[in-house]
Amino acid sequence: MTSTQQFDELKRRIWQIANDVRGTVDGWDFKQYVLGALFYRFISENFSRYIEGGDESIDYARLGDDVITSDIKDDAIKTKGYFIYPSQLFENVVARANGNENLNTDLKAIFTAIESSAMGYASEEDIKGLFDDFDTTSNRLGKTVKDKNSRLCAVLKGVNDLDFGDFEDSEIDLFGDAYEYLISNYAANAGKSGGEFFTPQHVSKLIAQLAIHGQKSVNKVYDPAAGSGSLLLQAKKHMADHLIEEGFFGQEINHTTFNLARMNMFLHNVNYDKFNMQLGNTLTEPHFRDEKPFDAIVSNPPYSVKWVGSDDPTLINDERFAPASVLAPKSKADFAFVLHALNYLSSRGRAAIVCFPGIFYRGGAEQKIRQYLVENNFVETVISLAPNLFYGTTIAVNILVLSRHKPDTKVQFIDASGEDFFKKGTNNNLLTDAHVAEIMKLFDRKEDVEHVAKSVRMEALAEKDYNLSVSSYVEAKDTREVINITELNQEIGATVARIDRLRRDIDAIVAEIEGEVGKA
(Lines give C-alpha, C1' and ligand atoms only; values in the text may rest on other atoms or scores of the structure.)
Protein backbone atom coordinates (compact mmCIF):
# COMPACT_ATOMS: atom_id res chain seq x y z
CA MET A 1 0.00 0.00 0.00
CA THR A 2 1.07 3.58 -0.64
CA SER A 3 1.00 6.06 2.24
CA THR A 4 -2.20 7.62 0.86
CA GLN A 5 -3.88 4.21 0.61
CA GLN A 6 -2.79 3.31 4.14
CA PHE A 7 -4.09 6.59 5.54
CA ASP A 8 -7.43 6.14 3.74
CA GLU A 9 -7.66 2.60 5.10
CA LEU A 10 -6.84 3.84 8.59
CA LYS A 11 -9.61 6.46 8.42
CA ARG A 12 -12.08 3.89 7.04
CA ARG A 13 -11.26 1.44 9.82
CA ILE A 14 -11.53 4.04 12.59
CA TRP A 15 -14.85 5.24 11.21
CA GLN A 16 -16.10 1.65 11.16
CA ILE A 17 -15.07 1.17 14.79
CA ALA A 18 -16.84 4.43 15.66
CA ASN A 19 -20.04 3.15 14.05
CA ASP A 20 -19.81 -0.07 16.04
CA VAL A 21 -19.68 1.76 19.37
CA ARG A 22 -21.69 4.84 18.41
CA GLY A 23 -24.39 6.01 20.79
CA THR A 24 -22.66 5.05 24.02
CA VAL A 25 -19.09 6.29 23.92
CA ASP A 26 -18.66 10.03 23.48
CA GLY A 27 -16.37 10.90 20.59
CA TRP A 28 -13.75 12.43 22.81
CA ASP A 29 -13.71 9.35 25.09
CA PHE A 30 -13.79 7.02 22.10
CA LYS A 31 -10.46 8.52 21.02
CA GLN A 32 -8.80 7.12 24.14
CA TYR A 33 -9.99 3.58 23.46
CA VAL A 34 -8.81 3.52 19.85
CA LEU A 35 -5.40 4.95 20.72
CA GLY A 36 -5.10 2.66 23.75
CA ALA A 37 -5.88 -0.40 21.62
CA LEU A 38 -3.35 0.71 18.99
CA PHE A 39 -0.74 1.03 21.71
CA TYR A 40 -1.61 -2.34 23.26
CA ARG A 41 -1.29 -4.03 19.88
CA PHE A 42 2.01 -2.32 19.11
CA ILE A 43 3.81 -3.15 22.36
CA SER A 44 2.55 -6.75 22.13
CA GLU A 45 3.93 -7.21 18.63
CA ASN A 46 7.12 -5.32 19.42
CA PHE A 47 7.71 -7.39 22.55
CA SER A 48 7.11 -10.66 20.69
CA ARG A 49 9.68 -9.75 18.04
CA TYR A 50 12.17 -8.90 20.76
CA ILE A 51 11.73 -12.30 22.49
CA GLU A 52 11.85 -14.20 19.18
CA GLY A 53 15.04 -12.38 18.17
CA GLY A 54 14.54 -13.13 14.49
CA ASP A 55 14.37 -16.91 15.07
CA GLU A 56 11.52 -18.10 12.82
CA SER A 57 11.24 -21.33 14.80
CA ILE A 58 9.98 -19.39 17.82
CA ASP A 59 6.39 -18.13 17.95
CA TYR A 60 6.11 -16.34 21.27
CA ALA A 61 2.32 -16.05 21.09
CA ARG A 62 2.02 -19.86 20.96
CA LEU A 63 4.16 -20.47 24.04
CA GLY A 64 2.75 -21.19 27.47
CA ASP A 65 3.26 -18.71 30.28
CA ASP A 66 4.87 -21.47 32.36
CA VAL A 67 7.93 -21.69 30.10
CA ILE A 68 8.97 -18.14 31.00
CA THR A 69 11.83 -18.20 33.49
CA SER A 70 12.64 -15.42 35.92
CA ASP A 71 15.91 -14.74 34.06
CA ILE A 72 14.06 -14.25 30.75
CA LYS A 73 11.62 -11.89 32.42
CA ASP A 74 14.35 -9.95 34.23
CA ASP A 75 16.45 -9.47 31.08
CA ALA A 76 13.42 -8.37 29.06
CA ILE A 77 12.35 -5.74 31.58
CA LYS A 78 15.87 -4.34 31.80
CA THR A 79 15.94 -4.01 28.00
CA LYS A 80 12.35 -3.16 27.00
CA GLY A 81 11.17 -1.66 30.26
CA TYR A 82 8.19 -4.01 30.74
CA PHE A 83 7.09 -7.64 30.35
CA ILE A 84 4.11 -9.29 28.62
CA TYR A 85 3.34 -12.98 29.02
CA PRO A 86 2.18 -14.88 25.90
CA SER A 87 -1.38 -15.15 27.21
CA GLN A 88 -1.46 -11.37 27.69
CA LEU A 89 -0.53 -10.52 24.09
CA PHE A 90 -2.99 -8.50 22.03
CA GLU A 91 -3.45 -11.20 19.40
CA ASN A 92 -4.35 -13.85 21.99
CA VAL A 93 -6.80 -11.56 23.79
CA VAL A 94 -8.49 -10.64 20.49
CA ALA A 95 -8.74 -14.31 19.48
CA ARG A 96 -10.70 -15.04 22.69
CA ALA A 97 -12.63 -11.77 22.80
CA ASN A 98 -15.98 -12.84 21.31
CA GLY A 99 -16.66 -15.59 23.83
CA ASN A 100 -14.93 -13.99 26.80
CA GLU A 101 -17.55 -12.93 29.34
CA ASN A 102 -14.79 -11.38 31.47
CA LEU A 103 -13.12 -9.40 28.71
CA ASN A 104 -13.29 -6.03 30.46
CA THR A 105 -11.85 -7.28 33.75
CA ASP A 106 -9.29 -9.49 32.00
CA LEU A 107 -8.02 -6.47 30.07
CA LYS A 108 -7.82 -4.43 33.25
CA ALA A 109 -5.80 -7.19 34.92
CA ILE A 110 -3.44 -7.44 31.92
CA PHE A 111 -2.80 -3.70 31.83
CA THR A 112 -2.14 -3.71 35.57
CA ALA A 113 0.26 -6.63 35.16
CA ILE A 114 2.21 -4.94 32.34
CA GLU A 115 2.62 -1.78 34.41
CA SER A 116 3.48 -3.73 37.57
CA SER A 117 6.18 -5.71 35.74
CA ALA A 118 8.37 -2.58 35.78
CA MET A 119 8.12 -2.04 39.54
CA GLY A 120 11.58 -1.86 41.07
CA TYR A 121 13.25 -1.38 37.70
CA ALA A 122 14.70 1.75 36.08
CA SER A 123 11.67 1.96 33.77
CA GLU A 124 9.06 2.05 36.57
CA GLU A 125 8.17 5.73 36.24
CA ASP A 126 8.04 5.53 32.44
CA ILE A 127 5.55 2.63 32.51
CA LYS A 128 3.41 3.55 35.52
CA GLY A 129 -0.14 4.65 34.61
CA LEU A 130 0.26 4.17 30.84
CA PHE A 131 -3.14 2.50 30.56
CA ASP A 132 -5.01 4.78 33.00
CA ASP A 133 -7.18 6.26 30.25
CA PHE A 134 -8.02 2.88 28.71
CA ASP A 135 -10.62 2.26 31.44
CA THR A 136 -12.20 -1.07 30.51
CA THR A 137 -14.67 -1.04 33.39
CA SER A 138 -16.01 2.49 32.82
CA ASN A 139 -19.76 3.06 32.45
CA ARG A 140 -18.87 5.12 29.37
CA LEU A 141 -18.68 1.76 27.57
CA GLY A 142 -22.14 0.71 28.69
CA LYS A 143 -24.14 0.04 31.82
CA THR A 144 -23.87 -3.77 31.77
CA VAL A 145 -20.80 -6.01 31.56
CA LYS A 146 -22.20 -7.45 28.34
CA ASP A 147 -22.39 -4.00 26.77
CA LYS A 148 -18.87 -3.13 27.93
CA ASN A 149 -17.46 -6.35 26.51
CA SER A 150 -19.30 -5.92 23.21
CA ARG A 151 -17.85 -2.48 22.61
CA LEU A 152 -14.37 -3.40 23.80
CA CYS A 153 -14.48 -6.35 21.42
CA ALA A 154 -15.45 -4.04 18.55
CA VAL A 155 -12.54 -1.70 19.26
CA LEU A 156 -10.00 -4.51 19.62
CA LYS A 157 -11.12 -6.30 16.47
CA GLY A 158 -11.19 -3.05 14.51
CA VAL A 159 -7.58 -2.31 15.47
CA ASN A 160 -6.64 -5.95 14.84
CA ASP A 161 -7.98 -5.71 11.27
CA LEU A 162 -5.51 -2.95 10.41
CA ASP A 163 -3.09 -4.74 8.11
CA PHE A 164 -0.03 -2.58 7.52
CA GLY A 165 2.62 -5.15 8.48
CA ASP A 166 4.95 -4.18 11.30
CA PHE A 167 3.98 -0.82 12.78
CA GLU A 168 7.48 0.62 12.40
CA ASP A 169 7.60 -0.46 8.74
CA SER A 170 4.33 1.27 7.92
CA GLU A 171 4.35 3.93 5.21
CA ILE A 172 2.52 6.27 7.59
CA ASP A 173 2.88 7.38 11.19
CA LEU A 174 0.09 5.09 12.34
CA PHE A 175 -0.38 6.46 15.85
CA GLY A 176 0.15 10.09 14.86
CA ASP A 177 -2.16 9.84 11.86
CA ALA A 178 -4.84 8.06 13.90
CA TYR A 179 -4.58 10.74 16.59
CA GLU A 180 -4.72 13.53 14.03
CA TYR A 181 -7.77 12.02 12.33
CA LEU A 182 -9.57 11.56 15.66
CA ILE A 183 -8.69 15.10 16.72
CA SER A 184 -9.93 16.56 13.43
CA ASN A 185 -13.26 14.79 13.84
CA TYR A 186 -13.83 15.44 17.52
CA ALA A 187 -11.89 18.58 18.49
CA ALA A 188 -14.67 20.91 17.36
CA ASN A 189 -17.14 19.11 19.62
CA ALA A 190 -14.72 18.97 22.50
CA GLY A 191 -14.04 22.71 22.48
CA LYS A 192 -10.67 24.31 23.09
CA SER A 193 -9.59 21.53 25.40
CA GLY A 194 -9.81 19.16 22.46
CA GLY A 195 -7.16 20.71 20.28
CA GLU A 196 -5.04 22.86 22.53
CA PHE A 197 -2.39 20.21 23.14
CA PHE A 198 -2.08 18.92 19.59
CA THR A 199 0.23 20.30 16.92
CA PRO A 200 -0.59 19.03 13.40
CA GLN A 201 2.23 16.98 11.94
CA HIS A 202 2.80 19.34 9.03
CA VAL A 203 3.38 22.26 11.41
CA SER A 204 5.50 20.06 13.71
CA LYS A 205 7.88 19.42 10.83
CA LEU A 206 8.57 23.13 10.44
CA ILE A 207 9.05 23.75 14.17
CA ALA A 208 11.42 20.80 14.58
CA GLN A 209 13.50 21.81 11.57
CA LEU A 210 13.79 25.38 12.82
CA ALA A 211 15.03 24.24 16.23
CA ILE A 212 17.60 21.78 14.88
CA HIS A 213 18.68 23.72 11.78
CA GLY A 214 22.42 23.63 11.15
CA GLN A 215 23.22 21.26 14.02
CA LYS A 216 24.88 17.97 13.12
CA SER A 217 24.16 16.63 16.57
CA VAL A 218 22.29 17.82 19.65
CA ASN A 219 22.67 16.79 23.26
CA LYS A 220 18.90 16.44 23.83
CA VAL A 221 15.54 17.82 22.74
CA TYR A 222 13.04 19.41 25.14
CA ASP A 223 9.39 20.46 24.99
CA PRO A 224 8.06 22.32 28.05
CA ALA A 225 4.44 21.83 26.93
CA ALA A 226 4.82 18.43 25.32
CA GLY A 227 1.21 17.49 24.56
CA SER A 228 1.16 14.16 22.73
CA GLY A 229 4.89 14.37 22.00
CA SER A 230 4.48 15.11 18.29
CA LEU A 231 7.06 17.90 18.25
CA LEU A 232 9.70 15.78 19.98
CA LEU A 233 9.12 12.95 17.54
CA GLN A 234 9.38 15.26 14.56
CA ALA A 235 12.80 16.25 15.89
CA LYS A 236 13.67 12.56 16.00
CA LYS A 237 12.67 12.17 12.35
CA HIS A 238 14.64 15.23 11.29
CA MET A 239 17.78 13.97 13.04
CA ALA A 240 17.51 10.44 11.62
CA ASP A 241 20.89 10.69 9.87
CA HIS A 242 22.61 12.47 12.72
CA LEU A 243 22.53 12.13 16.47
CA ILE A 244 20.44 13.04 19.49
CA GLU A 245 22.82 12.04 22.24
CA GLU A 246 20.73 11.94 25.41
CA GLY A 247 17.18 11.63 24.11
CA PHE A 248 13.89 13.45 24.56
CA PHE A 249 12.51 15.38 27.51
CA GLY A 250 9.05 16.85 28.00
CA GLN A 251 6.63 18.11 30.62
CA GLU A 252 2.85 18.08 30.24
CA ILE A 253 0.11 19.31 32.58
CA ASN A 254 -2.76 17.22 31.17
CA HIS A 255 -2.69 13.67 32.53
CA THR A 256 -4.39 12.06 29.53
CA THR A 257 -2.07 13.75 27.08
CA PHE A 258 0.94 12.94 29.26
CA ASN A 259 0.06 9.25 28.88
CA LEU A 260 -0.35 9.66 25.13
CA ALA A 261 3.10 11.23 24.88
CA ARG A 262 4.69 8.29 26.68
CA MET A 263 2.80 5.85 24.45
CA ASN A 264 3.94 7.80 21.44
CA MET A 265 7.57 7.40 22.47
CA PHE A 266 7.26 3.63 22.72
CA LEU A 267 5.34 3.50 19.44
CA HIS A 268 8.24 5.24 17.70
CA ASN A 269 10.80 2.85 19.18
CA VAL A 270 12.19 5.40 21.61
CA ASN A 271 13.24 3.15 24.46
CA TYR A 272 12.41 4.05 28.06
CA ASP A 273 16.01 5.07 28.77
CA LYS A 274 15.97 7.57 25.88
CA PHE A 275 13.00 9.67 26.99
CA ASN A 276 11.87 11.36 30.15
CA MET A 277 8.30 12.66 30.32
CA GLN A 278 7.07 14.37 33.48
CA LEU A 279 3.60 15.41 34.62
CA GLY A 280 2.99 18.84 36.09
CA ASN A 281 2.73 22.61 35.63
CA THR A 282 5.86 23.74 33.80
CA LEU A 283 5.62 27.35 34.99
CA THR A 284 5.23 26.67 38.71
CA GLU A 285 6.61 23.12 39.07
CA PRO A 286 9.36 22.91 36.45
CA HIS A 287 11.19 19.63 35.95
CA PHE A 288 14.62 19.03 34.37
CA ARG A 289 16.47 21.90 36.03
CA ASP A 290 19.37 19.48 36.49
CA GLU A 291 19.19 18.45 32.82
CA LYS A 292 19.82 21.96 31.47
CA PRO A 293 20.88 23.14 28.98
CA PHE A 294 19.17 21.75 25.86
CA ASP A 295 20.48 22.20 22.32
CA ALA A 296 16.99 22.05 20.79
CA ILE A 297 13.68 23.21 22.27
CA VAL A 298 10.35 22.86 20.49
CA SER A 299 7.01 23.95 21.89
CA ASN A 300 3.40 24.85 21.21
CA PRO A 301 2.30 26.11 24.63
CA PRO A 302 -1.35 26.96 25.33
CA TYR A 303 -2.30 30.41 24.08
CA SER A 304 -2.96 33.18 26.61
CA VAL A 305 -3.79 30.94 29.57
CA LYS A 306 -3.97 32.31 33.09
CA TRP A 307 -1.19 31.66 35.57
CA VAL A 308 -0.30 32.73 39.10
CA GLY A 309 2.18 35.39 37.92
CA SER A 310 2.61 38.31 40.33
CA ASP A 311 0.35 36.66 42.92
CA ASP A 312 3.40 34.56 43.78
CA PRO A 313 6.08 37.10 44.87
CA THR A 314 8.82 34.46 44.71
CA LEU A 315 8.53 34.06 40.93
CA ILE A 316 10.18 37.43 40.16
CA ASN A 317 13.34 35.97 41.73
CA ASP A 318 13.10 32.73 39.73
CA GLU A 319 16.15 32.40 37.47
CA ARG A 320 13.85 31.96 34.47
CA PHE A 321 12.02 35.26 34.92
CA ALA A 322 14.36 37.47 36.96
CA PRO A 323 16.58 38.61 34.04
CA ALA A 324 13.60 40.29 32.35
CA SER A 325 12.75 42.12 35.61
CA VAL A 326 9.05 41.59 34.97
CA LEU A 327 6.58 38.69 34.93
CA ALA A 328 4.18 37.87 32.13
CA PRO A 329 0.62 39.12 32.87
CA LYS A 330 -1.49 36.84 35.05
CA SER A 331 -4.11 36.61 32.31
CA LYS A 332 -1.60 35.80 29.56
CA ALA A 333 1.18 33.33 30.37
CA ASP A 334 2.62 33.22 26.82
CA PHE A 335 5.86 35.04 27.62
CA ALA A 336 6.31 32.98 30.80
CA PHE A 337 6.68 29.93 28.56
CA VAL A 338 9.06 31.85 26.27
CA LEU A 339 11.31 32.92 29.16
CA HIS A 340 11.20 29.40 30.58
CA ALA A 341 12.38 27.98 27.24
CA LEU A 342 15.13 30.59 26.95
CA ASN A 343 16.44 29.67 30.39
CA TYR A 344 16.69 26.00 29.38
CA LEU A 345 18.42 26.74 26.05
CA SER A 346 22.10 26.00 25.50
CA SER A 347 24.63 28.50 24.14
CA ARG A 348 24.64 26.76 20.77
CA GLY A 349 20.97 25.83 20.59
CA ARG A 350 17.69 27.16 19.23
CA ALA A 351 14.14 27.23 20.52
CA ALA A 352 11.16 27.33 18.13
CA ILE A 353 7.93 28.27 19.89
CA VAL A 354 4.40 28.70 18.53
CA CYS A 355 3.00 31.98 19.85
CA PHE A 356 -0.26 33.91 19.89
CA PRO A 357 0.17 37.02 17.67
CA GLY A 358 -0.93 39.49 20.35
CA ILE A 359 2.19 39.05 22.45
CA PHE A 360 4.28 40.68 19.71
CA TYR A 361 2.59 44.09 19.84
CA ARG A 362 0.79 44.52 23.17
CA GLY A 363 2.14 46.98 25.72
CA GLY A 364 2.79 46.70 29.44
CA ALA A 365 4.79 43.77 30.80
CA GLU A 366 4.83 42.05 27.41
CA GLN A 367 6.49 45.08 25.81
CA LYS A 368 9.16 45.07 28.53
CA ILE A 369 9.84 41.35 27.97
CA ARG A 370 10.17 41.94 24.22
CA GLN A 371 12.65 44.74 24.97
CA TYR A 372 14.69 42.39 27.15
CA LEU A 373 14.73 39.69 24.45
CA VAL A 374 15.73 42.11 21.69
CA GLU A 375 18.36 44.07 23.62
CA ASN A 376 20.03 40.83 24.69
CA ASN A 377 19.94 39.61 21.07
CA PHE A 378 17.95 36.43 21.72
CA VAL A 379 15.33 36.85 18.95
CA GLU A 380 16.51 35.35 15.69
CA THR A 381 13.29 35.16 13.65
CA VAL A 382 9.55 35.76 13.86
CA ILE A 383 7.42 33.90 11.31
CA SER A 384 3.74 34.55 10.67
CA LEU A 385 1.88 31.49 9.42
CA ALA A 386 -1.35 31.10 7.48
CA PRO A 387 -4.67 31.05 9.36
CA ASN A 388 -6.60 27.89 10.22
CA LEU A 389 -3.64 25.50 10.41
CA PHE A 390 -4.53 24.19 13.88
CA TYR A 391 -7.51 22.23 15.16
CA GLY A 392 -9.80 24.17 17.46
CA THR A 393 -8.68 27.66 16.35
CA THR A 394 -8.67 29.60 13.09
CA ILE A 395 -6.14 32.24 14.16
CA ALA A 396 -2.94 32.80 12.21
CA VAL A 397 -0.22 31.98 14.74
CA ASN A 398 3.44 33.01 14.78
CA ILE A 399 6.62 31.05 15.41
CA LEU A 400 9.25 32.70 17.57
CA VAL A 401 12.80 31.42 17.07
CA LEU A 402 15.21 32.13 19.93
CA SER A 403 18.99 31.72 19.71
CA ARG A 404 21.96 32.38 21.98
CA HIS A 405 24.50 32.34 19.16
CA LYS A 406 23.38 34.92 16.60
CA PRO A 407 26.13 36.28 14.31
CA ASP A 408 24.58 39.77 14.20
CA THR A 409 22.02 41.94 16.00
CA LYS A 410 19.30 41.86 13.38
CA VAL A 411 15.90 40.21 13.76
CA GLN A 412 14.45 38.40 10.76
CA PHE A 413 10.74 38.65 9.93
CA ILE A 414 9.08 36.17 7.55
CA ASP A 415 5.52 36.53 6.27
CA ALA A 416 4.48 32.97 5.43
CA SER A 417 0.77 33.72 5.64
CA GLY A 418 0.15 34.25 1.92
CA GLU A 419 -1.37 31.78 -0.51
CA ASP A 420 2.09 30.72 -1.69
CA PHE A 421 2.75 29.20 1.74
CA PHE A 422 -0.24 26.96 2.40
CA LYS A 423 -2.71 24.62 0.75
CA LYS A 424 -6.41 25.00 1.38
CA GLY A 425 -7.95 21.95 3.04
CA THR A 426 -11.51 20.84 3.68
CA ASN A 427 -11.50 21.71 7.39
CA ASN A 428 -8.04 23.11 7.96
CA ASN A 429 -5.30 24.57 5.83
CA LEU A 430 -2.08 22.62 5.33
CA LEU A 431 1.65 23.20 5.04
CA THR A 432 3.07 20.86 2.42
CA ASP A 433 6.68 19.68 2.47
CA ALA A 434 7.38 22.20 -0.30
CA HIS A 435 6.02 25.03 1.86
CA VAL A 436 8.15 23.92 4.81
CA ALA A 437 11.22 23.74 2.55
CA GLU A 438 10.59 27.26 1.22
CA ILE A 439 10.23 28.71 4.73
CA MET A 440 13.42 26.94 5.81
CA LYS A 441 15.27 28.36 2.80
CA LEU A 442 14.21 31.87 3.78
CA PHE A 443 15.18 31.21 7.40
CA ASP A 444 18.60 29.88 6.41
CA ARG A 445 19.58 32.60 3.94
CA LYS A 446 18.39 35.59 5.97
CA GLU A 447 17.98 37.55 2.73
CA ASP A 448 15.41 40.29 2.26
CA VAL A 449 12.65 39.27 -0.13
CA GLU A 450 10.09 41.90 -1.07
CA HIS A 451 6.71 41.30 0.60
CA VAL A 452 8.02 38.09 2.24
CA ALA A 453 11.13 38.50 4.40
CA LYS A 454 13.11 41.32 5.97
CA SER A 455 15.94 41.55 8.53
CA VAL A 456 15.67 44.58 10.81
CA ARG A 457 18.33 46.26 12.91
CA MET A 458 17.91 46.35 16.68
CA GLU A 459 17.80 50.17 16.60
CA ALA A 460 14.82 50.13 14.25
CA LEU A 461 12.98 47.79 16.59
CA ALA A 462 13.62 50.13 19.49
CA GLU A 463 12.14 53.01 17.49
CA LYS A 464 8.90 51.00 17.24
CA ASP A 465 8.80 50.23 20.98
CA TYR A 466 10.04 46.69 20.30
CA ASN A 467 7.00 45.75 18.27
CA LEU A 468 7.78 42.32 16.79
CA SER A 469 4.72 41.91 14.55
CA VAL A 470 5.75 40.69 11.12
CA SER A 471 3.30 43.04 9.41
CA SER A 472 5.13 46.04 10.93
CA TYR A 473 8.25 45.26 8.92
CA VAL A 474 7.22 43.15 5.91
CA GLU A 475 4.97 45.16 3.62
CA ALA A 476 2.11 43.09 2.29
CA LYS A 477 1.89 42.75 -1.45
CA ASP A 478 -0.74 45.04 -2.98
CA THR A 479 -2.93 42.69 -4.96
CA ARG A 480 -5.21 45.45 -6.24
CA GLU A 481 -5.29 45.99 -9.99
CA VAL A 482 -2.89 48.69 -11.17
CA ILE A 483 -4.80 51.39 -13.04
CA ASN A 484 -3.27 53.71 -15.66
CA ILE A 485 -4.98 57.04 -14.99
CA THR A 486 -4.08 58.52 -18.39
CA GLU A 487 -5.51 55.53 -20.24
CA LEU A 488 -8.58 55.52 -17.97
CA ASN A 489 -9.22 59.23 -18.67
CA GLN A 490 -8.91 58.59 -22.39
CA GLU A 491 -11.37 55.71 -22.15
CA ILE A 492 -13.78 57.84 -20.14
CA GLY A 493 -13.47 60.67 -22.70
CA ALA A 494 -14.16 58.30 -25.58
CA THR A 495 -17.14 56.81 -23.72
CA VAL A 496 -18.58 60.27 -22.99
CA ALA A 497 -18.17 61.21 -26.67
CA ARG A 498 -20.03 58.07 -27.74
CA ILE A 499 -22.80 58.81 -25.26
CA ASP A 500 -23.09 62.38 -26.61
CA ARG A 501 -23.34 61.05 -30.18
CA LEU A 502 -26.03 58.58 -29.13
CA ARG A 503 -27.98 61.34 -27.40
CA ARG A 504 -27.81 63.53 -30.53
CA ASP A 505 -28.91 60.60 -32.70
CA ILE A 506 -31.80 59.83 -30.34
CA ASP A 507 -32.83 63.52 -30.26
CA ALA A 508 -32.82 63.60 -34.07
CA ILE A 509 -34.96 60.47 -34.29
CA VAL A 510 -37.42 61.84 -31.72
CA ALA A 511 -37.64 65.18 -33.61
CA GLU A 512 -38.27 63.35 -36.86
CA ILE A 513 -41.02 61.24 -35.30
CA GLU A 514 -42.64 64.32 -33.76
CA GLY A 515 -42.52 66.07 -37.15
CA GLU A 516 -44.26 63.17 -38.85
CA VAL A 517 -46.93 63.09 -36.15
CA GLY A 518 -47.52 66.88 -36.55
CA LYS A 519 -48.05 66.53 -40.31
CA ALA A 520 -50.60 63.80 -39.70
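Express the accessible area of the range 303-393 per residue in Å², computed with a 1.4 Å probe while the remaining protein chains stay in the model. If you can, show how the numbers build up before the last one.
Working: 3120 Å² over 91 residues.
Solvent-accessible surface per residue comes out at 34 Å².
Looking at [x] 0.95; [y] 1.11; [z] 1.27, which value of Cα Rg over 2.2 N^0.38 Å comes from a calculation on the structure shown?
From the options [x] 0.95; [y] 1.11; [z] 1.27, the structure gives [z].
Taking only protein heavy atoms into account and a 1.4 Å probe, give the accessible area per residue of the range 1-138 in Å².
Details: 6420 Å² over 138 residues.
Here the residues of the range 1-138 average 47 Å² of exposed surface.
By its C-alpha gyration tensor, with a ≥ b ≥ c as the square roots of the eigenvalues, how is the range 28-73 shaped: rounded for a/c under 1.5, else prolate for a/b larger than b/c, else oblate? Walk me through the numbers before you get to the answer.
Details: a/c = 3.19, a/b = 2.27, b/c = 1.41.
It comes out prolate by the Cα gyration axes.
Counting other Cβ atoms within 10 Å, which trypsin sites (Lys or Arg not before Pro) in the range 240-327 have at most 11 and lie in a DSSP loop?
Working: sites: Arg262, Lys274, Arg289, Lys306, Arg320; in loops: Lys306, Arg320.
The qualifying sites are Lys306.
In degrees, nearest 10, range 0 to 90: what is the angle between the Cα axis of helix 27-52 and the longest Cα principal axis of the chain?
With rounding to tens, the tilt is 50 degrees.
Determine the distance separating the Cα centre of the range 442-496 from the Cα centre of the range 373-399; give it in Å without decimals.
Cα centroid of the range 442-496 versus Cα centroid of the range 373-399: 20 Å apart.
Which one of Phe47, Ala122, Val221 has its Cα pushed farthest toward the positive end of the charge dipole of the chain, where Lys and Arg give +1 and Asp and Glu give -1 at the Cβ?
Val221
Apply the Karplus parameterisation 6.51 cos²θ - 1.76 cosθ + 1.60, with θ equal to phi minus 60°, to every residue of the range 357-366 and state each ³J(HN,Hα) to the nearest whole Hz, in sequence, with x for glycine and proline.
Whole-Hz 3J(HN,Hα) from phi for the range 357-366: x, x, 5, 8, 9, 5, x, x, 4, 5.
Compute the long axis of helix 255-267 from its Cα atoms, compare it with the longest principal axis of the Cα atoms of the chain, and write down the angle in degrees, 0 to 90, nearest 10.
Once rounded, one gets 80 degrees.
Using only Cα atoms, tell me the angle between helix 485-519 and the longest principal axis of the chain; keep it within 0 to 90° and round to the nearest 10.
Helix 485-519 sits at roughly 60 degrees to that axis.
Within the range 17-130, what whole-number % of the accessible surface is contributed by carbon and sulfur, with the 1.4 Å probe and all protein chains included in the calculation?
47 percent
Rounded to whole Å, give me the distance from the Cα center of the range 48-99 to that of the range 318-367.
Each part's Cα centre sits 48 Å from the other's.
Please report the carbon-and-sulfur percent of the accessible area for the range 380-500; probe 1.4 Å, protein heavy atoms only, DNA, RNA and ligands left out.
Numbers: 3360 of 6930 Å².
Answer for the range 380-500 is 48 percent, counting heavy atoms of protein chains only.
Please give the per residue accessible area of the range 224-266, computed with a probe of 1.4 Å over protein heavy atoms only, in Å². Could you put the intermediate results ahead of the total?
Details: 1340 Å² over 43 residues.
The answer is 31 Å² per residue.
Out of the DSSP beta bridges found with both residues in the chain, what percent are antiparallel (nearest 5)?
Working: 18 of 40 bridges.
Of the beta bridges lying entirely in the chain, close to 45 percent run antiparallel.
Quick one: net charge of Gly250's neighbours, Cβ under 10 Å, K/R +1, D/E -1? Working shown, then result.
On the way: positive: Arg262; negative: Asp223, Glu252.
Net of charged neighbours comes to -1.
Taking the Cα centre of the chain as origin, work out the dipole magnitude from +1 charges on Lys and Arg Cβ and -1 charges on Asp and Glu Cβ, in debye rounded to 20.
Details: 57 positive and 78 negative charges, 205 e Å.
Dipole size: approximately 980 debye.
The values are calculated or read from the model by the stated rules, or taken from the named source; none is laboratory data. Predicted model only: the values in this text are computed from it and were never measured. Quick reminder, even Gly has a Cβ in these numbers, built from the backbone with ideal geometry, and neighbours come from all protein chains shown. For the accessible areas, the whole protein counts, side chains as well, though only heavy atoms, and no ligand, DNA or RNA atoms are used. Shrake-Rupley method; radii C 1.70, N 1.55, O 1.52, S 1.80 Å.
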